[in-house]
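The values are calculated or read from the model by the stated rules, or taken from the named source; none is laboratory data. Quick caveat, the model's predicted, so the values are computed rather than measured. In this analysis, Cβ positions are derived from the backbone assuming ideal geometry, glycine residues included, and neighbour counts consider all displayed protein chains. We work out accessible area using only protein heavy atoms, side chains counted, and drop any ligands, DNA or RNA first. Shrake-Rupley method; radii C 1.70, N 1.55, O 1.52, S 1.80 Å.
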Amino acid sequence: MSGVPVTWSSERARGWLRVPGPRDDKYRRGVLGMRTGSARYPGAAVLGVTAAWRTGVGLLRYAPPREERLPPHGLPSPAAAVLAARPETVIGAGTDGCAAWVIGSGTDPAERGEAERAALVELLGSGSPIVVDAGALDLVAPGAERGADAARDGSLGAGGALRGPAIVTPHAGEFARMWDTTFGSPLPEAWPGRDAPAAEPGSAREAEAETARAEAALRLAARIGATVLLKGSRTLLASPGGTLLACGPATPWLATAGTGDVLAGILGALLAAHADAVREDPELLAPIGATAALLHDAAARRASGCPEDGSAAEGTTAGRPVTALDVAEAIPHACAALAGTAETDPAARAAGKP
Ligand SMILES: NC(=O)C1=CN([C@@H]2O[C@H](COP(=O)(O)OP(=O)(O)OC[C@H]3O[C@@H](n4cnc5c(N)ncnc54)[C@H](O)[C@@H]3O)[C@@H](O)[C@H]2O)[C@@H](O)CC1
Ligand SMILES: Nc1ncnc2c1ncn2[C@@H]1O[C@H](COP(=O)(O)OP(=O)(O)O)[C@@H](O)[C@H]1O
């Protein structure tokens with residue numbers, strides 16, 4: 001497998017934004033289901049749901065987790081938190097009819113009960129296009145030691161419970177766990193360790209580390225039968241069929257809690273808009289994932305006030321701190337800029353600038 005990715009660009013991404021037309025209604029635009037958040041992490045559900053709405057879904061159904069324990073500290077349930085932040089969200093029953101799903105953000109598999117596990121396994125087995133994030137990643141990379149569980153729910157195989165087109169969204173730590181349970185062997189030697197000194201931008205060591213990330217992502221994708229979106233300063237997309245795309249470097253202001261939950265929401269919305277095409281050709285998950293990563297970075301750049309088409313160097317010096325919710329709120333502007341429908345300021349228009 002070649003570890004040289006195609007760099008994803010705004011020009012390539014533009015066609016994946018679905019702008020509604022006069023014949024659209026909320027169902028035709030794409031219905032997204034989200035089963036995210038938990039008593040421990042209700043905020044992750046709010047972030048993902050907000051990001052999905054901001055990316056432009058017709059309808060979003062939020063399926064609350066089946067949990068035994070009540071939220072601590074008198075906190076609201078994830079469903080109550082979602083409704084308070086985004087009242088347009090349809091909560092609870094009637095979660096059928098969703099074109100695509102997002103699962104796992106804001107959940108911890110160690111705290112997952114049997115009922116919730118069964119609900120997730122059912123979604124993974126439904127054949128619907130699905131984004132698998134954070135606490136649900138173990139269900140698609142269960143490894144040999146999970147064989148007994150897998151046999152019980154009829155999901156033997158490297159892809160675990162998976163039956164339809166899927167995109168998994170690990171950060172480096174989650175990727176290392178998936179690699180371990182899937183292959184039971186150490187990551188490639190050149191894999192960029194978290195505690196190793198950072199490689200100089202443009203250096204041979206940096207190139208070697210990027211190649212190692214790319215080849216590992218391709219190997220994992222081929223084994224589990226799902227597209228891998230490997231997060232980081234450069235986000236990689238690797239498909240089971242061997243497609244390899246790269247986005248970034250993104251603005252480092254994105255390295256803040258909850259931005260991964262926002263990315264999952266963006267991706268879910270894009271997936272709901274293209275669900276039929278993805279069912280026909282799951283390889284499309286790679287360009288859709290790359291478009292989500294590009295939009296995520298563009299929203300972060302806008303929220304942090306750094307150049308939206310900035311180079312790596314500009315990205316590291318420009319801008320100001322952002323929160324995950326700031327990034328989610330900036331998505332519509334990033335969409336408009338990408339689609340070429342952004343309003344320009346009058347002075348710029350008068351000067352003939354875009
Ligand atoms: N507001 C909220 O409710 C938030 C909820 N979150 C949820 O919190 C849960 C745990 O998320 P964590 O990311 O802490 O996952 P984990 O606790 O699974 O992984 C973190 C561990 O991985 C290691 N690691 C290695 N490379 C890493 C990298 N590039 N980025 C982060 N950790 C790396 C860290 O040292 C750490 O030990 C997830 O379900 C997530 O969705 C977070 O998204 C933060 C915000
Ligand atoms: N140094 C960095 N520069 C740019 N983007 C980064 C950097 N580190 C992380 N990111 C991005 O920030 C997001 C963090 O996601 P994640 O690690 O899942 O966080 P969380 O679980 O807190 O939401 C990802 O989209 C990742 O690509």
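Compared with the alpha-carbon gap, the fully stretched path from ARG14 to GLU280 is longer by 93.7 nm at 0.36 nm per residue.
For the chain, the 222 nm mean residue ellipticity estimated from helices alone, with every DSSP H stretch of n ≥ 4 adding -39500 (n - 2.57) and the total spread over all residues, rounds to -12000 deg cm²/dmol. Residue ranking by accessible heavy-atom surface, 1.4 Å probe, largest first, among LEU271, LEU254, LEU75 comes out as LEU75, LEU254, LEU271. Within the range 73-102, find all residues whose amide N lies under 20 Å from a label point positioned 7 Å from the Cα of ALA118 along Cα-to-beta-carbon. Those under the cut-off are 92-96. Residue-wise HN-Hα couplings along the range 287-303, as the Karplus relation 6.51 cos²θ - 1.76 cosθ + 1.60 with θ = phi - 60° gives them from phi, are x, 5, x, 5, 5, 4, 5, 5, 5, 4, 5, 4, 5, 5, 5, 5, 5 Hz; Gly and Pro carry x. Annotation note: trypsin sites (Lys or Arg not before Pro) in the range 44-118 located in DSSP loop regions with a Cβ neighbour count of at most 10 within 10 Å are ARG69. For VAL102, the amide hydrogen comes within under 5 Å of the amide hydrogens of GLY33, MET34, ARG35, VAL131, counting only partners 5 or more places away or on other chains and with H modelled in the peptide plane. Loop-located GluC sites (Glu not before Pro) in the range 1-85 (DSSP state other than H, G, I, E, B) with a sparse environment of at most 16 neighbouring Cβ atoms within 10 Å: GLU68.
Distances over 40 Å make up what percent of all Cα-Cα pairs in the chain? So the pairs more than 40 Å apart make up 9 percent of the total in the chain. Each of the peptides 186-192, 272-278, 44-50, 324-330 was scored by the mean count of other Cβ atoms within 10 Å over its residues; in descending order, highest first, they stand as 44-50, 324-330, 272-278, 186-192. Derived scalar couplings between HN and Hα for the range 274-281 equal 10, 4, 5, 5, 5, 4, 5, 9 Hz in order, rounded to whole Hz, by the Karplus curve 6.51 cos²θ - 1.76 cosθ + 1.60 (θ = phi - 60°), x for Gly and Pro.
On a per residue basis, the range 6-340 carries 42 Å² of accessible surface, using protein heavy atoms and a 1.4 Å probe. Among beta bridges identified by DSSP and lying wholly in the chain, the antiparallel ones come to about 25 percent. Among THR89, THR259, THR55, the largest mean-square fluctuation in a Gaussian network model of the chain, built with springs joining Cα atoms closer than 10 Å, belongs to THR89.
Taking every C-alpha pair closer than 8 Å and separated by at least 6 residues, the mean separation divided by the residue count of the chain gives a relative contact order of 21 percent.
Please identify, among ALA303, ALA264, ALA204, the residue showing maximal mean-square fluctuation in a Gaussian network model of the chain using a 10 angstrom Cα cutoff. Greatest mean-square fluctuation among the candidates belongs to ALA204. First compute the accessible area of the range 6-340 with a 1.4 Å probe, then give the percent of it belonging to carbon and sulfur atoms. That share works out to 53 percent. Residue-wise HN-Hα couplings along the range 25-37, as the Karplus relation 6.51 cos²θ - 1.76 cosθ + 1.60 with θ = phi - 60° gives them from phi, are 9, 5, 6, 5, 5, x, 9, 10, x, 10, 10, 9, x Hz; Gly and Pro carry x. Each Lys or Arg adds one and each Asp or Glu subtracts one; over the other residues with Cβ under 9 Å from the Cβ of TRP53, this totals +1.
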